[in-house]
Structures are given as C-alpha cells and as structure tokens.
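Working notes, structure below.
The values are calculated or read from the model by the stated rules, or taken from the named source; none is laboratory data. The structure displayed is predicted, hence computed values, not measured ones. Cβ atoms come from the backbone with ideal geometry, glycine included; neighbour counts cover every protein chain shown. Note: areas computed on protein heavy atoms with side chains; ligands, DNA, RNA excluded. Shrake-Rupley method; radii C 1.70, N 1.55, O 1.52, S 1.80 Å.
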Amino acid sequence: MNALIISAILGVIMMFSGILLKQKSGVRGIAIGGLVLVLLSNVLEMNGTHFFNVNLHGMMEFDHFSLLFVSVIIGAMLFYFILSARDMEKVGGYYAEYFALLFFILCGIVLVTSFKSLLILFLGIEIISIPLYILTGSDKRNLKSNEASLKYLLTGSFSTGLMLMGIALIYGATGTFDVAKMKLGLSEQPELLAIAGMLLLLFSMSFKVSAAPFHFWTPDVYDGAPTVFTAFMATIVKAAVFIGFIRLFGDTFGGMAPKWQFWVAVLAAATLFIGNITAVFQQSVKRMLAYSSIAQAGFMLLALFAMNQDAREGILLYSVAYSLATIGIFAVLGRMNDYTFEGFNGLARRQPLVAAVLTICLLSLAGIPLTAGFLAKFYMLKAAMAAGTQFWLVIFAVLMAAVSVYYYFRVIQAMYFKEGEANVTVSAGFKTALVVLAALIIVLGVAPELILYWLYF
Amino acid sequence: MKNILELAYLVPLFPLIGFLINGLGRKSLSKSMIGIIGSGAILASFVVSLLIFFQVKGGNTDTLNYFSFIRAGAVNIPFAFQIDQLSSIFLLIITGVGFLIHVYSTSYMHEEKTEHFGRYFAYLNLFVFSMLLLVMGANYVIMFIGWEGVGLCSYLLIGFWFKNPEYNKAANKAFIMNRIGDLAFLIAIFWIIGKVGSVGYSEVIAAATEGSKFTTTDITGITILLFIGATGKSAQIPLYTWLPDAMAGPTPVSALIHAATMVTAGIYMIARSNVLYSMSPLTLNIITYVGLATALLAATIALKQNDIKKVLAYSTVSQLGYMFLALGTGAYVAAVFHVMTHAFFKALLFLGSGSVIHAMGGEQDIRKMGGLNKYMKVTHITFLLGCLAIAGIPLFSGFFSKDEILASAFGKSPVIYAVGLFTALLTAFYMFRLYATTFRGSFRGTHEQEHHLHESPSAITIPLVVLAVLSVIGGFIGIPEFMMHGGHKLAEFLQPIVAPSAKLLPVHEVSHSTEWILTGVSSALIIGVVFFAWNKFSRKPDTGEATGFGKVLANKWYVDELYEKAIVNPLAKLGGFFNNIFEKLVVDGLVNGVGRLVSYSSRQLRLLQSGQVGSYVLLMVLSILLVFVIQFFLRK
C-alpha cells in the first residue's frame, strides 16, 4: 500500500518537476530519490509499518510474497534509473514525463502483484500497458518508433479484449470478481464458461509476457522502441506481469490445474522453441535480445507449469537474475553506435571492464554456473521435474538453453575475439553501477539464499 | 599437556606452511632463508614425530577425528589421522630422512636461480606433506589424497628442469604409469565403500573379520586392485618402467622420493591392509611372484647399466621387489623392516652418487670415473658402507632385513628362497661393480674434470655420515630370534598391527638350526661375490659397450620397446582413427548437422515475423481457435 500511494504521488510530482526545474539533473535527482523513498516505504511495510489505512474491501492483499517481490522490482528499477536515466534525455524533450509514466507503471505493477479481485488485475495490466504504448512511441520523429507504438496498441487492445471477455465469462460462471469467493474447481467438472474464461485469461496474460504464439508484437515493439524503454519493458514489466500471471493461475485457478497445466506446458515449449531458434538468425543485438526475452519467458513459464515451492523460489530468483543481466546489457547497448553483432567487435580491447560486465550478464542469461542465471534455470528445471507429469518438457528446455548459448556467445566472441572499432563513452559512476550489478549476479549465483531467505523470514 | 598425540596435526602442518611460504615467496626470499624454512619445517615435524613415537612406544595409540570430510547419504568419511605403531615408524623415516635430504639439498641445489631454488623447496615440502597425509590418514580416502599428492610432487620434481624435453617426457611417463595404478586403487576404494559404506581402516578390518559384508571374491578383488595400485607407486612389474626414467629429477629427489619414501607407499598400503591380504591366499601368491620376478628382473638389468643413478634406480626396483616378496609370504614386519633399512642405505647411496656427480661436474657415466677414493674421502667411505649394507654383509642393516625376508621365503618354498638368494648375489655383484668402477682403479675422466675433483661441502657430507651410521647400525633393532632372544624389537613394536593376520595366516616356522645354516650359506656366498666383483672391476672395469646377452640387459630386456610396440603404438593408432575418421565423419557430422538444422529452422521461423499486424492477429486467433477445439472436443 505504501509503495502504491507514494509512487502515484511521485508520478504527479514528476509531471510538474519538468515545468518547475530547468536542470535535467534535478529531475533525475527527484526521480532517483523518490524511488529510494518508495523502496524504503515498501521495506518498512514488510516490517509491519503501514503509512496508510485504507479499507480495500478485500480487493487487494499485500502479503509477504507480493511485498518482497515489489521490493525486488523497485531494486531492479533503481539499477535501471542509475544506469539508464541519462539515456532518456536523448529520446525526446519530455524528460520529466517519461519518469512520471514510469512511476505510474510502478503503480500498475503493485496492483498486478497484489490483486485479490479480477478487476484490480485488469486495472493493473492496463495501467502498465497504456504508459508503455506512449513510451514506445516517445521517439516521435522516428518512424520505426511510431510504427512500433501503433502495433503495440493494436495488438495490445486485442489482448485487452480477450482479458475482459475472460473476466466476464468467469463472472458469469461464479457471480463474483473476488478471487477468494470464486471456489473454482471445487466441483468435479467445472463449468464450460469457467474453462473458456480461464483459457482467455491464459491467452491474454501470455500476450503480456510474450509467450508464443502471442509473442509477435515483441520483436517489432522491442526493436522499434527507444532502447532505454525496451530495457524497461523487457525486464521489469515482464517480471511483474509474470508474478501476476502466477498469482492468477496459482491462486484463482489453482483448483483447475489439470485443465490448464497441459496448455502451459505447450505454451512453454512453443515459446522456448520460437524464442531460441529465431534468435539464432538475428543480426541485430537489440532484436536478438527481444527474442531472448521471449526465450527466457519460456523458461519462466516452467514455474507456472510446476506451481510448487521450488517454482515460487525459482521465479523470484529468475526474475532477479534475468532483470539484472538484461538491464546491464541494454544499458551498454543504449550507448553503442551500432546495434549489430559486428558493432561489438573489439569492444574488450577498448573497454575491458564494460566488456567483462557484459560477459557476466550474457553468461548469466545463458545459464552458466557461478552466475545467478544458472541457479535460476536450475530451480525452474527442478520445479518442473518435481511436477512430474511432463518430463519431455524438462529435456526440451535444457536443449533450448543449449541453443541459447550460441547467440549469447556471439556477442562475447565479437567483443573478445574480433578486431573492430567498437567503443562506448562511459562515466566512472556508470562503471561503478555496472560492477555492482555484475557482483550481484555472481553473489546470487553462489548464494541465492540472500534473496530466497526473505521468502520465509 | 594431556596427550601429545593430539599434536599430530602439527606433523603435516609444518611442511604445508613451509610449502606455502617458499612457494609464494620464492621470488622475494633469499636462498638461505628458503633453505632454513624448508629444512626447519621438516625438522619441526621430525621433533613432533619423535615425541609421538615415544608415546606410541609407551602403548598409547589413537585415531584423531578432525572434521567430516565427505558426507553423502549414508557414507561419512571423516578427515582423521590414525597414530599407531605402523604410522609412527613411517613418520620417523619420512621426516628423519626427509630432513637430512633437505639439508643436503641446500648445498646441492645452490647453483639454481633463487626463484627455482624456492620452487624446489616448495615442491619438496609439499611432497613431505602429502607423504605424511598418506601414512597418517585413518582411512583409504585420506591415504588416496596423500597418494595423489606424492604422485603430483614426483611429477613436478622429475620435470624440475622443465626446459629439457627428455625430462618432461620422463615426468609424464611417471605420472601416467602411476595413474594406471591409481585407477585400480580408486576402484578398490569404491568397492570398499559399496560393501562396507565406510573407508576407515578399523571399520574395513572389522567388516572383513567379523561381519558378512565381504565375500571371498570381494576380498580377493579388492586386494588385487589395491596391489595394482601399489605396483604403480612402488614400481613393480608391469608398471616399473617409470622409476629408472624418474632419475631425470635432481639427485636428492631421487634419494627422497624415488628411493626412500614415496616408492614404499605401496608397501605401507599393503602392510596397513595386512588383515585383508592374509584372508586372500591367491593375492598373496600373486604378490610373492610379482615381487620375486621384479627383484630378479631389475637386478639383471642393473648388472649392465653404466649410469650411476640408473644402477641405483634398478637396485631400488629390485629391493622393492624384495619387500613385496616379504609381503607375499605374510612377513609384513620384515617388509616394513626392509623399508626402513632400505630408506637409510638407499638414501645414502643416492646422496653419495649426488656428491660424486657434483664433483664430476654433472657426469653420470661410471665408465668415465674411477679412483675417486683418493679425492673424496667422506663420500667414498660412506658410499662403501652403503654398498656393504645393501649387499647384506653380516651385521650391516641390510643383512638383518634381507635375511628375514629370505627366511620367510624359505618357509614358503625353497625354490623361492633360491631365486631370492640368487637375486641377493646379483645385488652384491652389481653394487660392487658400481663401487669398484667408481671409486677404485685410476681416474678415467678428462684432465679438467680431474682438476676439479673435490670433496663436497659439509651440508652434503654431514647427511652422508648420519645416514651411513644409520645404515650400519639400523639393523640392530631387528636381530632375529634365532640369534638373540627378544632381539627383534621392531617385531615386538609392530605386534599390534600384524596380530590379527597372524591368526589368519599359517606361519611357516623354520627351525633355528636351519636358519643358522641358511644365514651362514647366504652370507658366505655374498661375501665371496663381493670380493670377486671388487677385484674384477678394480683392476679392469668394463668400459666398453655391452655385447651379446649383456646388450639385452643393458637395454633393459627391451621392455620399454615392448610397451611402445604393444601398447603405446596401438593406442596411438586407435587415437588416430578416432581423430581422423570417427571425429571428422561421425562427431563433426552430427554436430554440424544439428547446427545447420537450427540455423535452417531459424531462417524459416523468421518468416512468421512478417511485420503485418493483421497477420499477427490472425495467427493469434487461429491459435486460440485451435486450443478451444482441442480443449472442448478432443481432450477428455
């Protein structure tokens, strides 16, 4: 609750800061300071300090898992602000407004992670999506950016329709929006309406996390959007929507698991296949990362498929590992002149530190041991194994992870083993943040309990 | 202090610290500092070992558990030391002889660059550390750690002068040969874990004697595998060929590792597992014949070698064969006794040869020496005493231990005794051929070499003198029963170790009068051979190339060539086949095929991404319809 209200207020403050403050560094300062404030207030709430007492009528519930997850998301966002806030200046003239939109998205994230009513879920998803449509098109003079924004809006509206239809069918079947009162799956044979509604929700959520075959918007939007916002969409937003996805299917439709588990397995397999295989042929690192984000979503779907304790731990670790690594890569990518693989040729010679951090991020994404990404994948596979029904999926996921090594290592190969003129200008502060990020990836790869511990304390 | 045994951890700790300091500080420390740290660490270990020895002698033994080393399911392997009669004797040999050799090395290696000097001492300390782990461990896994550690150090030290490719080849050969044995050892350990669920000596022995966890087949299998491990480390047929080549290392290394300590690890292992072996007559027979054959084969090769260190190396192989012969006949005490006396006189002989090589400016060919007694008095006298001891001249240390082995061989079979005695005569012959050719007659080297001949400095001669004294008197702790009642102090001391096997194994009692006769005959023959060889080679050393059968011996029975043809070449051919045919066609084909498949699918899948929103939505709708159809019409 603390985070929700404070970030909403901050969104409003950011809108005015652009008018009141001439200095861009001032705007940035407020944004980062405000985010720290949100983080603090959320951590305080985890310890039982509530700033606001609002009767929610059971529509939301701020339990330990959601609060912890929001803390992690804000932490990742902080990294993102520190690494990439300057890059937003280059996008267009409405610097303060971008921050405002990001804070509104944070509100949506809090809603999506804490909903207890399907209406709140819908609200949250829309609060996340609408600012993203705007941010995608924020590079107004760029045709690609406009095209991406429009495509996103059109396909997004389609998915919104699916979601509303699904919610309506569920309402028809149960007579309530309240998750706690639905009692789905208690009878032997659930109603046709409920199953149809559940499937429609499955599709619309799959669209939001870009699971195949609802992923088509992802490469075009990620590629067309300004890189700095692609980074945000691909990491923080995706992880948050995933938590909503898991809450929805774990809590609301938990009783109907036999009806959807198979379809999640199919979705996961399709997503892993399309994401990984298509990424192989890409020539642009940015587009490769778009497919990589699809592929990684495939892995995260394994948690949804398994829905056991390992899955809960795993999805938390996975979102952190994936977000940190991807934020790091995008932060560097945003400063490169050339987004193709060739554009990275010889970077290691000129920027050994940046190249090293990038390598760690890429290794983590590929799931190489000693990085957080390895343990995250390990948890996912373990959870899927424990679920026990679809063993082929585990083997398939491992094979696809092997394919992913190919395109991640192409970047490493370009940086270290090819001659070229790649270079980036980085400040000392940027480098420090990168090093902290890399250190976190390694630390979590060795001692994941640093995060997981908080699930149980 | 409650119990001195609790200090046991200090024994390996000192060399480990020495290794770390010398290894890390090899570029910054001075040579004298490195020498003091390296030798001091071993001296400190020796002092603690002495304290421990007296405790053990007073009947105080213990197993010290430090921490849980491996815990996996039901298997729990502690990091533990076992301090008893057997290990305390080995501690004294390792640290005592080790210390002398460290002191010797400070002078012998002095011409090395400081960095390499430090590296040398670091390796040497690491070796002592590993060897101590090997003998102190209370279970087979700790022993295996030490076992591998000494193998590594042996490799590092044989290839110490790594700029010489021949030396590197020798180091590789030693390492690979040892690895073959190590594999067998490892399988034995797994076998034991599989059957007993524990690798502690006491648990394994208890399981073998009391429970029904082991069948006879298990025991025979495990003991044979352990023995194969021992043939690697202790240079027995068929894995002995690395030891002569190991002489590529610095001479003190040959003395410490390839004569006095590491190569006796196999003996220690079998003595440690004596109860298991006593339960398997088949394995004991194998050991007897392998030991005997090795002793004889190596002795014949030594007859025709002209490199001073090669003679000693084959003599080591031969003496190790003797020790296995003793083990095979169930005379575990005799084997340990011979390990000890051999450590004294073989270290002495190697160090003496080092002193000679030093004086000769690196020359190792005895045909170019001669008459060195005039130039190097201390080296000459001590070397002579070493030769007398190894030949088994009465009252020298080798006499007692060798005699005991021969007596137990006689108990088993007179034929084995006869071959053993013949080998002993060969030993006396080639040792005095070596002695006479080197020290007697007239000098045959160049004038320049003669000009440089000198006695070595005291850091070299003092260890020689100490070892010479030990070689002379070392046998008196094991005076056989028929000569003096209660004279075999060592047997008394080791009684608790071998007592359980004594119950299992019938002892071949030989009457005292027979023993007197055997000893008398063998001593007379040996003395005769010594005189013959001394005279023959003092007057007319054989300086030419060997011919006829001698050539076969000089070429070591062509065993290396045989191995080359029978094993190495076919392996290389097989490797070539896999490399050129299998790898290129099958493996590469498979790998590249998968790669092509992925890249082809990638190109096709990419086409789905048309950029048209309409087609995206269409594809989504089609998918949704498909799912609905399957869900509502096809799935139950």
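Quick notes
- The residues listed here are B:Leu504, B:Leu494; of these, the one that is in contact with a helix residue (DSSP H, G or I) (Cβ under 6 Å, 6 or more places away or on another chain) and at pLDDT 85 or above is B:Leu494.
- Among all residues of the stretch B:399-413, there is none that is touching a Lys or Arg at 6+ places or on another chain (Cβ under 7 Å) and either in the same structural domain as B:Lys346 (by TED's automatic domain parsing) or without any contact (Cβ under 8 Å) to a residue 40 or more places away in the chain (or both).
- Test: residue in the stretch A:411-431 that is more than 15 Å from A:Ala321 (Cα to Cα), of a type in the set (Val, Ile, Thr), assigned to a helix (DSSP H, G or I) and under 23 Å from the mean Cα position of the chain (by Cα): yes
- Residues in the stretch A:121-162 that are of a type in the set (D, E, K, R) and either more than 12 Å from chain B (Cβ to nearest Cβ) or buried (at least 17 other Cβ atoms within 10 Å of the Cβ) (or both): A:Glu126, A:Asp139, A:Lys140, A:Arg141, A:Glu147, A:Lys151.
- The one condition in (1) modelled with pLDDT under 95; (2) among the β-branched types (Val, Ile, Thr); (3) open to solvent by 10 Å² or more (accessible area, probe 1.4 Å); (4) within 25 Å of A:Thr271 (Cα to Cα) that A:Val426 fails to fulfil: (4)
- Taken over the stretch B:211-229, the criterion of being of a type in the set (Phe, Trp, Tyr) and at pLDDT 90 or above is satisfied by B:Phe227 alone.
- On inspection, B:Ala255 fails the criterion of being within 17 Å of the chain's Cα centre (by Cα), in contact (Cβ under 8 Å) with a residue 60 or more places away in the chain and at positive phi.
- Of the numbered criteria (1) within 11 Å of chain B (Cβ to nearest Cβ); (2) of a type in the set (A, V, I, L, M, F, W, C); (3) within 28 Å of A:Val70 (Cβ to Cβ), the one A:Ala279 fails is (3).
- Residues in the stretch B:498-517 that are part of a loop (DSSP other than H, G, I, E, B) and open to solvent by 30 Å² or more (accessible area, probe 1.4 Å): B:Leu505, B:Pro506, B:Val507, B:His508, B:Glu509, B:Ser511.
- Screening the stretch A:175-263 for helices (runs of 4 or more DSSP H) wholly inside it with 2 or more residues that are farther than 27 Å from A:Ala76 by Cα and open to solvent by 20 Å² or more (accessible area, probe 1.4 Å) returns the ranges A:179-182, A:192-208.
- Candidates A:Phe177, A:Phe245: the one that is more than 14 Å from every other protein chain (Cβ to nearest Cβ), under 23 Å from B:Val627 (Cα atoms), within 27 Å of the chain's Cα centre (by Cα) and aromatic (Phe, Trp, Tyr) is A:Phe245.
- Selection status of B:Thr547, of a type in the set (Ser, Thr, Tyr) and touching a residue at least 60 places away in the same chain (Cβ under 8 Å): no
- Restricting the stretch B:455-497 to residues that are part of a helix (DSSP H, G or I) and polar (S, T, N, Q) leaves a set whose member that is least open to solvent (accessible area, probe 1.4 Å) is B:Ser471.
- Filtering the stretch A:352-380 to residues that are under 18 Å from A:Val394 (Cα atoms) and part of a helix (DSSP H, G or I) leaves A:Leu365, A:Ala366, A:Gly373, A:Phe374, A:Leu375, A:Ala376, A:Lys377, A:Phe378, A:Tyr379, A:Met380.
- Restricted to the stretch B:611-629, and to residues there that are facing another protein chain (nearest Cβ under 9 Å) and over 17 Å from A:Leu162 (Cα atoms), the residue that is surrounded by the fewest Cβ atoms within 10 Å (Cβ to Cβ) is B:Gly611.
- Taking every residue in the stretch A:287-299 that is under 11 Å from A:Ile329 (Cβ atoms) and open to solvent by less than 10 Å² (accessible area, probe 1.4 Å) and pairing it with any residue that is outside any helix (DSSP H, G or I) and not basic (Lys, Arg), at least 6 positions away or on another chain, the pairs with Cβ-Cβ distances below 6 Å are A:Met288/A:Gln282.
- Only one of A:Leu111, A:Leu78, A:Leu56 that is part of a helix (DSSP H, G or I) and open to solvent by 20 Å² or more (accessible area, probe 1.4 Å): A:Leu78
- Selection status of A:Ala290, away from chain B (no Cβ under 14 Å) and among the aliphatic types (A, V, I, L, M): no
- Residue in the stretch B:15-36 that is more than 26 Å from B:Phe190 (Cα to Cα), in contact (Cβ under 8 Å) with a residue 60 or more places away in the chain, crowded, with 24+ Cβ neighbours inside 10 Å and hydrophobic (A, V, I, L, M, F, W, C) present: yes
- Within the stretch B:267-290, if we keep just the residues that are within 20 Å of the chain's Cα centre (by Cα) and β-branched (Val, Ile, Thr), the residue that is nearest to B:His338 (Cα to Cα) turns out to be B:Ile267.
- Subset of the stretch A:263-277 (residues that are within 20 Å of A:Ala325 (Cβ to Cβ) and touching a Phe, Trp or Tyr at 6+ places or on another chain (Cβ under 7 Å)): A:Leu272, A:Gly275
- Taken as a whole, the structure leaves B:Ala491 outside the set of residues that are more than 27 Å from B:Phe439 (Cα to Cα), within 31 Å of the chain's Cα centre (by Cα) and free of Cβ contacts under 8 Å to residues at least 24 places away in the same chain.
- Checking A:Gly255 against (1) within 12 Å of chain B (Cβ to nearest Cβ); (2) over 30 Å from A:Lys431 (Cα atoms); (3) in contact with a Lys or Arg (Cβ under 9 Å, 6 or more places away or on another chain); (4) not hydrophobic (A, V, I, L, M, F, W, C), the condition it does not meet: (1)
- For the condition open to solvent by less than 10 Å² (accessible area, probe 1.4 Å) and in a helix (DSSP H, G or I), B:Gly354 qualifies.
- Of the candidates B:Ile176, B:Ile180, B:Ile101, B:Ile145, the single residue that is open to solvent by less than 10 Å² (accessible area, probe 1.4 Å) and either farther than 24 Å from B:Ser30 by Cα or in a helix (DSSP H, G or I) (or both) is B:Ile101.
- Among the residues of the stretch B:523-535, some residue qualifies, meaning at least one is touching a Pro at 6+ places or on another chain (Cβ under 6 Å), more than 12 Å from every other protein chain (Cβ to nearest Cβ) and crowded, with 16+ Cβ neighbours inside 10 Å.
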